[in-house]
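Have a look at the structure below, then the notes.
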Amino acid sequence: MAKVLRSKYNSTGERCVDACLNYGELRYVGENGCPMNIEIPSDKYEEATRDFEDRVREGITQSSIDPKEIFKRGSLTYTQAKKLANEGKIKGLDFFEIDSSVECDHLLGVSGSVEYALSLWNGESRNEALLKSVVRAITVYGESFIRGLDLDNTVDSTSYNRFAKNLHSIDTMVDINLYKVRNYHIDNEISVDGLDVKKKIIKIIDLPLGILGAFLGFIVMQVCTNYGEIINNNITSILFNGISMIVFGLIVMKGSRSIIDKYVKNNTHLIMEMFNEELEKSSYDNLLTEKEACIILKNITKGEVTKLLLDMKGSINKKVSSSNIVTKETKFILDARRTVILPSEYEIKEALSKLVGTYKDKLLSDYNVNNI
């Protein structure tokens, strides 16, 4: 772990603060006496800062400390970090039963380490994952991340700090797309084409409906031609009748299919909404990558979903049924995630050097503009 950085993910903001204090004094202080930066869950940040400020006002802890200077908002919620830690697929990300805390003993912190793993699980290369993890760590810790690295004397630390400062304040400084939770939905165009039993029934009905339509077309043509008296030519009469019968037969068959499809869609709309809500929740809680979500959606084809939805119409608790379907597919994906070994400090320095070098001209131009 970097000397000036820590990660403390706890179930409440109060517990996050407790983990950082020891009898009212800061538990984590650097060699120079300065307090270490501590990454805490994104959903506990506000609560933790308020709790710390309350303790300062009450004289329970050091009065000269600004919690916003110490606490760094991570990119994950406590629940997300806990789920990943329990999976055990990221070496170094651990869950402790004794206080239900999540910690990451690595210089990337929880957010940077998870960013690295998510990139690999999404099918990206190690180099891409390294760059994304470094960018994520800097967006969380800022310049403190640079100070946490043992940079060589030959390295221009000013450029590195300037890069970290700009990146921390301007998320659009680099053209690297970090992980964002996306909502994935199953195909809403429900039809009966994928249903084996229903499809067979519709095919059986198609022929009688086609015959009925053809007969209707014959009647219409007879009425329009006054039972053939308007058309004197027998061949022309037969041709007109044939065309009319074919057209009406197709119209009736297509119309019946359209009505059935619309009926199925209207009657499964509510269940489909519940299904998508479960998929959205699973994507958020488990941090499903785009690749993983696509596999889940592919595993559940349109026809299979339609069948499941129709079967669920008779279920007592449709919410439970839809949840079970999504949970089953999600578990398959989570089990398939490969174990990730986090990068070494050397690899992180190399990635940081590449990033600073890539955006060196931009850094210099921004620096010159700010100093005019």
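The values are calculated or read from the model by the stated rules, or taken from the named source; none is laboratory data. What you see is a predicted model; the values in this text were computed from it and never measured. Ideal geometry is used to build each Cβ from the backbone, glycine not excepted, and the neighbour counts take in all protein chains shown.
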* Asked: Name the residues in segment 68-95 that are farther than 21 Å from I138 by Cβ, touching a helix residue (DSSP H, G or I) at 6+ places or on another chain (Cβ under 8 Å) and aromatic (F, W, Y), would you?
  -> F95
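Taking the options I38, I60, I65, name whichever one is closer than 19 Å to I138 by Cα and β-branched (V, I, T). Spell out how you get there, then give the answer.
On the way: I60 fails: closer than 19 Å to I138 by Cα; I65 fails: closer than 19 Å to I138 by Cα.
Being closer than 19 Å to I138 by Cα and β-branched (V, I, T) holds for just one of I38, I60, I65, which is I38.
Being modelled with pLDDT of 75 or more, closer than 30 Å to K83 by Cβ and touching an Asp or Glu at 6+ places or on another chain (Cβ under 7 Å) narrows it down to one residue among N276, N299; which is it?
Within the list N276, N299, the selection yields N299.
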* Asked: Between residues in segment 122-148 that are acidic (D, E) and residues that are part of a loop (DSSP other than H, G, I, E, B), which pairs lie under 8 Å by C-beta distance while being six or more apart or on different chains?
  -> none
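Have a look at E103, E14 and point out the one that is in contact with a strand residue (DSSP E or B) (Cβ under 9 Å, 6 or more places away or on another chain) and acidic (D, E). Give the steps one after another, and end with the answer.
Numbers: E14 fails: in contact with a strand residue (DSSP E or B) (Cβ under 9 Å, 6 or more places away or on another chain).
Exactly one residue qualifies, and that residue is E103.
Show me the helices (runs of 4 or more DSSP H) found entirely inside segment 42-91 where at least 3 residues are touching a His at 6+ places or on another chain (Cβ under 7 Å).
Working: elements: 45-57, 67-70, 78-87.
Those helices (runs of 4 or more DSSP H) do not exist here; none qualify.
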* Structure fact -> Of R27, R57, the only residue that is farther than 30 Å from Y179 by Cα, assigned by TED's automatic domain parsing to the domain that holds V102, of a type in the set (D, E, K, R) and surrounded by fewer than 15 Cβ atoms within 10 Å (Cβ to Cβ) is R57
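Name the single residue, out of those in segment 48-103 being under 19 Å from E115 (Cα atoms) and of a type in the set (F, W, Y), that is nearest to the chain's Cα centre (by Cα).
Our first condition is that a residue be under 19 Å from E115 (Cα atoms); within segment 48-103, this holds for 72-95, 102-103.
Keeping just the survivors that are of a type in the set (F, W, Y) gives 78, 95.
Numbers: Y78: 16, F95: 22 Å.
The selected residue is Y78.
Please work out which residue is farthest from I70 (Cα to Cα), limiting yourself to segment 115-169 and to residues that are in a helix (DSSP H, G or I), charged (D, E, K, R) and modelled with pLDDT under 95.
At the first step, the residues of segment 115-169 found to be in a helix (DSSP H, G or I) are 115-121, 126-141, 143-147, 157-169.
So of that shortlist, the ones also charged (D, E, K, R) come out as 115, 126, 128, 132, 136, 143, 147, 162, 165.
Add one more test, that the residue is modelled with pLDDT under 95, and what stays is 143, 147, 162, 165.
Details: E143: 13, R147: 15, R162: 20, K165: 16 Å.
My answer is R162.
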* To do: Looking only at segment 110-127, decide whether some residue is in contact with a strand residue (DSSP E or B) (Cβ under 6 Å, 6 or more places away or on another chain) and more than 19 Å from R182 (Cβ to Cβ).
  => yes
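Inspect all residues belonging to segment 75-84 and state whether any of them is free of Cβ contacts under 8 Å to residues at least 60 places away in the same chain and assigned by TED's automatic domain parsing to the domain that holds Y141.
Within segment 75-84, the first condition is being free of Cβ contacts under 8 Å to residues at least 60 places away in the same chain, and the residues that meet it are 77.
Pick out the ones that are also assigned by TED's automatic domain parsing to the domain that holds Y141 and you get 77.
So far as segment 75-84 goes, yes, one or more of its residues are free of Cβ contacts under 8 Å to residues at least 60 places away in the same chain and assigned by TED's automatic domain parsing to the domain that holds Y141.
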* To do: Just give me the residues in segment 170-188 being modelled with pLDDT under 75 and touching a Phe, Trp or Tyr at 6+ places or on another chain (Cβ under 8 Å), in sequence order.
  => I186
* Asked: When both residues are 6+ apart or on different chains and their Cβ atoms are under 6 Å apart, which pairs have a first residue that lies in segment 284-301 and is in contact (Cβ under 8 Å) with a residue 24 or more places away in the chain, and a second that is aromatic (F, W, Y)?
  -> T289/W121; A293/Y184
* Structure fact -> Checking V264, V326, V305 in turn, the sole residue that is at pLDDT 80 or above, among the β-branched types (V, I, T) and assigned to a helix (DSSP H, G or I) turns out to be V326
* Qualifying residues in segment 94-104 (those that are without any contact (Cβ under 8 Å) to a residue 24 or more places away in the chain and in a strand (DSSP E or B)) - the one surrounded by the fewest Cβ atoms within 10 Å (Cβ to Cβ) -> F96
